[in-house]
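For reference, the structure is listed below as structure tokens.
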Amino acid sequence: MGILGEVALALRLARRELRTGLRGFGVFLSCLALGVAAVAGVKSLATAYDAGLVRDASALLGGDVEVSLPLRPASVDELAALTARGHVSHVLSLRIMARRDAPGAKPTLASLRAVDAAYPLYGQVVLDPPLPLDAVLAQRDGLPGAAVSPQLLDRLGAKVGERIRLADAEFVIRAVLTREPDAAAGLAASLGPPILISSSQLAASGLSGPGLIARHAYRLKLPPGVSAAVARELREGFPEAGWRVRDASGAQPGLSRIMDRLTAIMGLVGLTALLLGGIGIAQAVASYLDGRTSSIAAMKCLGAPTRVVTWTYLTVVLTLAVGGIVPGLALGALLPALVAPLFDTVSPAALVVGLHGQALALAACFGLLTVLTFSLPALAGAARIAPLSLLRGQVAADLPRLGVRVFLPAMVCALALASLTVATTPDRRLGLGFVGAVVTAVGVFQLFGLLTTRLARLVPRRRPGRVAVALRALGRPGNRQAGRILAALGLGLSILCALGQVDANFAQALVSDIPRRAPAFFFLDIQPGQLEAFEATVRGVPGVGQLDVSPMSRGRVTRLRGQPVENVPVAEDARWVVRGDRGITFAATMPRSTRLVAGDWWPADYAGAPLVSVDAELAQGLGLAIDDTVTINVLGRDITARVANLRRVNWLGLSINFVFVFSPGALTGVPFTSLATAHTDKNATGNPDEALFRAVSDRFPGISIIGVGKALDDVVRLADKVAAAVAAAAGTTLLAGILVLIQTMAAGMRAKAYEAVIYKVCGASRRDILGMLSLENVLLGLLAGLMALLLGTALAWVFVTRFLELPFVIFAGRALTTVGVAAGLTLGLGLSGVYRLLGRKAWATLRNE
């Protein structure tokens, strides 16, 4: 018989096998469908978001190309170069304290945007009532108009038609600003709700002139297909301008970075569900093949080659896999349509709802590779069942020892699955860490299962008692199920324990740790002439404790290690540092909440060549080491400094910190404002927060005040959305885990049936049998649960500290509850199965022996 004949025979035999039904494959199909749905849903969501960004890129950026300058407007030559290339719109953005024109009204921080007549180049500003923007912003009855966001109206307690004061000028609220086409996303952590005014009103309001901490953005509307070339010309033609040039492909980089990390984490949670389902797949396939040993042996007796047996049951498994993958893909494809209405509230780009073929194909590949990885070892073992097994009742002992070559296909599939995981995870460290965690967990529980069975064999054979019998049962040579159950149960419980610990630490950091350590207020844009009076004012308020002040300017990284930054490979998670202007400072002493990890801090009286301290993690992404150089352009002036040390920054402390901290004297001549934070005593009498806010806002109306409480509320609301998204994916994992644990215990029932009959024939009572088999299950649960607590906590610690960069706390109660409930549920199902076995007649099992 040739190869084609063997294939045709295998297909006919597979069709006959499938006619027998799908009994025993419910968990197989459910786990596979859930895992594929999770992966397909997350990948489709990410693709839909990326497609939305591409579609709305020009509107989100405000033009085909944007040139932005901190602190200063474009020069005559620079503006001429811009207008020569296309239609230009100028937008000036700055933070400002806005207040109602009413006695006792409290000021609040807002993001002021002064726009010209050409704004917007793309998209449309949506106002309520729906009036033309120029009519809303025009001066009428002696007062200019403003369009104000609904969030700011709520904070001010104002309504349309009332007046608000911005610095020295009054404006009339003529419309509610419902939507800006180029607005930063809610995820981008804007420092205040927006106000739109006309740029012609800046001079009258006192918001123009030297020292203004503002961002000037010039948007260009260009012919199709030339934006990338124009952006390159502007970068190369004005290397000393210190401006940031972006084309539409770089719109919303901050939101894209957040979305990449969110989808990476959710994607790995989905993969966890899929791989956890792989355990169920392995158990289902192994249990199915154990029940087909007689058929396989009969096929061998009739001369069927091993290849035919393998192809037959591989065809069965793959056919069933299609039955699980297709529903999973259908569920995953629906996710963007289901979440699109909710997503619009946190993203400026609407999702492109539809079938995203690449995402679905990727999820299908993950599902197929998972099936092959977890089913091929069982298929390889079943294909080598000896023909003489047809004449014997128990075939487990007749299976030959399989060599490494037999498992090579499964190993290749596992390697492909790991490679695909790393390649499709935006954060390569996260992908590698996930693969490493899976391999470690599998290896630990395989060794643990082997060690447990070997130690159980040391129990003396003559020792009486149910516990001794249960221990000996774990270690008997023919008991393959004990090791399988221990490994599968332990791995499933470890994943559930790790997810519970990660979720608890995430919530703890947001709800407790950050608010407890956070300052009461951030104060921005403190002018040099105001600093001394500002400090005296703050320290004079009762209840104010720690006050930290740091000088701050802004600059753009232009060179790393002497090379233009465009020519230096920068890690994805560090690219934000070189994409735009960054806050910079100088300090004689090391800032709070930092620790050195390499190099030394300069002396307090240092007066030599410029030095710089860099955040250690970002330095790694930028490829920087001690003694490398960094060049930063500030208002057209290049400042090159040598890296003196690397420091670890605790950003969660919300204290003043910068990526780049220069040595004293390195930034001489650079214009600076000051940034300050103030902590208040929460137990002090009265309301120190309100007193501090009132004292600073009354005396220094130009200083921007950010209440950290409000900022934390925004963070917590965002975290709730993130947590809900991750929880939804984690719920899939939990469901898959429960199904796997049920399948794991069900897989041992066939062997338990034979044991129960032997005990019964030997004179054991129903109580004795139930006690011995129950003890065996309890021992498996205790061993697996104990190991799961240790391994799951270790995996959670690595993820929380290395990837989320949060302090780790062991939540013993949650870990014990998670493992205890899952193990108890699993063991309860196992005991119910044992009880049912006791009602079986002995002759049905013994007649073939």
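Modelled spin-label separation between Ser75 and Arg648, with each label point placed 7 Å from Cα along the Cα-to-Cβ direction: 4.5 nm. Overall, the accessible surface of the stretch 9-166 at a probe of 1.4 angstrom is composed of carbon and sulfur to the extent of 54 percent.
Projecting label points 7 angstrom from Cα along Cα→Cβ for Arg767 and Leu4 puts them 7.0 nm apart. The slack between Thr319 and Ser93, meaning 0.36 nm per residue of separation minus the straight C-alpha distance, is 75.4 nm. Measuring r between the beta carbons of Glu233 and Arg454 and using R0 = 56 Å, the FRET efficiency lands at 0.20. When the alpha-carbon atoms of the stretch 263-335 are used, the pair Rg, Dmax equals 16.7, 53 angstrom. Extension gain, Arg694-Arg12: 0.36 nm per intervening residue step, less the Cα-Cα distance, totals 237.1 nm.
For the stretch 531-587, the spread of Cα positions along the three principal axes, ordered from largest to smallest, is 53, 21, 17 Å.
Annotation: peptides 285-298, 556-569, ranked by per-residue average of other Cβ atoms within 10 Å with the highest first, follow the order 285-298, 556-569. When the P(r) of the stretch 520-652 is calculated, the portion above 25 Å amounts to 34% of the C-alpha pairs. Please identify which residues in the stretch 618-639 have an amide N closer than 18 Å to a label point set 7 Å out from the Cα of Arg802, following the Cα→Cβ vector. Correct set: 618, 620-621. A crude spin-label estimate for the pair Arg575 and Arg307, with each label 7 Å from Cα along the Cβ direction, gives 4.8 nm.
The values are calculated or read from the model by the stated rules, or taken from the named source; none is laboratory data. Computed from a predicted model, the values in this text were never measured in an experiment. Methodologically, a virtual Cβ is constructed for each residue, glycine included, from the backbone with ideal geometry; neighbour enumeration extends over all protein chains shown. Accessible surface areas use protein heavy atoms only, side chains included; no ligands, DNA or RNA. Shrake-Rupley method; radii C 1.70, N 1.55, O 1.52, S 1.80 Å.
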